[in-house]
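Visitor: Sharing a structure below in structure tokens format, with a few things to ask.
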Amino acid sequence: NAGVTQTPKFRVLKTGQSMTLLCAQDMNHEYMYWYRQDPGMGLRLIHYSVGEGTTAKGEVPDGYNVSRLKKQNFLLGLESAAPSQTSVYFCASSYKLTGQGIVSRRQPQHFGDGTRLSIL
Amino acid sequence: QKEVEQDPGPLSVPEGAIVSLNCTYSNSAFQYFMWYRQYSRKGPELLMYTYSSGNKEDGRFTAQVDKSSKYISLFIRDSQPSDSATYLCAMSDRLSGNTPLVFGKGTRLSVIA
């Protein structure tokens, strides 16, 4: 059981280049998330998805695009990389809340091991 | 004011000490409280998960939630060098099903042998 797998693990880009980060989960989770983690800033949510074909903006969405064409995959795209996007990117997934109107437990998020991205 | 405040540390303790890690929050609607542990160059992993107020114990770890004070704690008994990591608190509001977790910035802990 691999859990959440992120590809690639490391990447160096030049300013203006584009790239796509891939996240794959094998737990049949409905929700998926992309975060960036910077020193002194903690985890900040970029975009998230509550199901196949749906995406939503998080706290810091500018400069990024996402797609969720398959339930198990969540892609994060940088169309024109900037040095400010140098960071460690984490993908996470979780189950959906069950039962409308019913108090139900929010399932915690499971994280991948990150992609370290440097933009020169 | 950030929704979740967490002292970044670093916190350095001798092996065997009791460690107390804390977070405060401002949103009284938060119902779900989590602690994640993150080793260097790894993703966060879930350590403890509590719903509403009260205590929860799991081995050497105890999580406490005081909703009246908007304050959560993680206690580590008999700390070990393997506990050296960054600890992140996280919380969410059960009424907003699509609202992702809100994280603290993390506290870096070093347990010295």
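Visitor: Please report the Cα spread of the stretch A:1-66 along all three principal axes, rounded to whole Å, starting with the longest.
Guide: Projected onto the principal axes, the Cα atoms of the stretch A:1-66 cover 35, 26, 25 Å.
Visitor: So what is the relative contact order of the stretch B:21-111, in percent, for Cα pairs below 8 Å that sit 6 or more residues apart?
Guide: 32
Visitor: Right, another one. Report the label-to-label distance for B:Arg77 and A:Met41 in nanometres (one decimal), using points 7 Å from each Cα along the Cα→Cβ vector.
Guide: With each label placed 7 Å out from Cα toward Cβ, I get 4.0 nm.
Visitor: To the nearest 0.05, what FRET efficiency results for A:Lys71 and A:Thr20 with a Förster distance of 22 Å applied to their C-beta separation?
Guide: So, using R0 = 22 Å, E works out to roughly 0.75.
Visitor: For the stretch B:21-52 and the stretch A:18-60, what is the centre-to-centre distance using only Cα atoms, to the nearest Å?
Guide: Between the Cα centres of the stretch B:21-52 and the stretch A:18-60 lies a distance of 18 Å.
Visitor: Hey, another quick one. Are there GluC sites (Glu not before Pro) in the stretch B:8-86 that DSSP marks as loop and that have at most 16 other Cβ atoms within 10 Å, and which are they?
Guide: B:Glu15
Visitor: For a quick check: with amide H placed at 1.01 Å from N, whose amide H comes under 5 Å from B:Leu109's, ignoring anything fewer than 5 positions away on the same chain?
Guide: Amide H neighbours of B:Leu109, under 5 Å, 5+ apart: B:Leu11, B:Ala85, B:Thr86, B:Tyr87.
Visitor: If R₀ is 41 angstrom, what is the calculated FRET efficiency for the pair B:Glu45 and A:Ser80, using the beta carbon separation as r and rounding to 0.05?
Guide: 0.75
Visitor: Relative to the present Cα-Cα distance, how much length would full extension add between A:Val12 and A:Met27 at 0.36 nm per residue of separation?
Guide: Additional length available on full extension: 2.4 nm.
Visitor: While we're here: In whole Å, what are the extents of chain A along the principal axes defined by its C-alpha atoms, from largest to smallest?
Guide: Reported extents, whole Å, longest axis first: 49, 28, 25.
Visitor: Pop the C-beta distance of A:Ala2 and B:Ser110 into the FRET formula with R0 = 25 Å and round what comes out to the nearest 0.05.
Guide: Step by step, r from the Cβ atoms, then E = 0.25.
Visitor: Let me ask another. Viscosity 0.692 mPa s, temperature 37 °C: Stokes-Einstein D of the stretch B:40-80 from its Kirkwood Cα radius, in µm² per second?
Guide: 286
Visitor: Let me ask something else. Which of A:Cys91, A:Met19, A:Leu69 sits farthest toward the positive end of the charge dipole of the stretch A:1-95, with +1 on the Cβ of Lys and Arg and -1 on the Cβ of Asp and Glu?
Guide: A:Met19
Visitor: Further, regarding this structure: Return the Rg/Rh value of the protein assembly as shown, two decimal places, where both radii are evaluated on C-alpha atoms and Rh is the Kirkwood radius.
Guide: Over the Cα atoms of the protein assembly as shown, Rg/Rh equals 0.97.
Visitor: Here is a further query. In percent, what relative contact order does the stretch A:1-67 have, based on Cα pairs under 8 Å that are 6 or more apart in sequence?
Guide: Value for the stretch A:1-67: 22 percent.
Visitor: Return, for the Cα atoms of chain B, the radius of gyration and Dmax in Å, separated by a comma.
Guide: Gyration radius and largest Cα-Cα distance of chain B: 13.6, 44 Å.
Visitor: With charges set only on the Cβ (+1 for Lys and Arg, -1 for Asp and Glu), what does the dipole of the protein assembly as shown come to about its Cα centre, in debye to the nearest 20?
Guide: 360
Visitor: Students often check this: by mean Cβ neighbours within 10 Å, which of A:73-80, B:86-93, B:24-31 ranks highest, and how do the rest follow?
Guide: Listed from highest to lowest mean packing, they are B:86-93, A:73-80, B:24-31.
Only the coordinates and a few stated rules stand behind these numbers; no lab work does. Not measured: the values here are computed from a predicted model. Quick reminder, even Gly has a Cβ in these numbers, built from the backbone with ideal geometry, and neighbours come from all protein chains shown.
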